[in-house]
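This is the structure I want to talk about, given as structure tokens.
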Amino acid sequence: MDNQHNSPRNQKVTQVQIMPQRAIGSFVRHESKQETSKGTRTYRKYWVYIPGELAEEKNFPFKPNDRLLIIVSDGKLILEKA
């Protein structure tokens, strides 16, 4: 039996280049005012909008309601699962 055809040297290697997933999103600020026992208080919330075309990719690392660790480093926003 000839094992030459199954040796690693004779196997064809295919390189797959994985392209980063990219889309244009936005950073959104929302303010709401609520009456409290000490007067009117303004609450601020911030969102990072991620387009559906990106968030619904099978390789997207997060699912709705995942808790995220948010890091700001060297002018970049980094999100990791908490």
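Here, each number is a calculation from the coordinates, and none is a lab measurement. Being a predicted model, the structure only gives us computed values, none of them experimental. In this analysis, Cβ positions are derived from the backbone assuming ideal geometry, glycine residues included, and neighbour counts consider all displayed protein chains.
Filtering the range 48-82 down to residues that are in contact (Cβ under 8 Å) with a residue 24 or more places away in the chain and β-branched (Val, Ile, Thr), which residue is nearest to Arg29 (Cα to Cα)?
Here the answer is Val48.
Within the range 19-77, track down each residue that is at positive phi and acidic (Asp, Glu).
Once the filter is applied, which keeps residues that are at positive phi and acidic (Asp, Glu), the range 19-77 yields only Asp74.
A further question follows. Checking Leu54 against (1) in a loop (DSSP other than H, G, I, E, B); (2) within 16 Å of Arg22 (Cβ to Cβ): exactly one of these is not met. Which one?
(1)
Continuing with the same structure: Determine if the range 39-48 includes at least one residue that is within 15 Å of Leu77 (Cβ to Cβ) and surrounded by 10 or more Cβ atoms within 10 Å (Cβ to Cβ).
yes
Please go through the range 22-47 and give me each residue that is aliphatic (A, V, I, L, M) and touching a residue at least 24 places away in the same chain (Cβ under 8 Å), ordered by number.
The answer is Ala23, Ile24.
For the range 62-70, indicate whether the set of residues that are under 11 Å from the mean Cα position of the chain (by Cα), surrounded by 10 or more Cβ atoms within 10 Å (Cβ to Cβ) and among the aromatic types (Phe, Trp, Tyr) is non-empty.
Checked against the condition, which is being under 11 Å from the mean Cα position of the chain (by Cα), surrounded by 10 or more Cβ atoms within 10 Å (Cβ to Cβ) and among the aromatic types (Phe, Trp, Tyr), the range 62-70 yields at least one hit.
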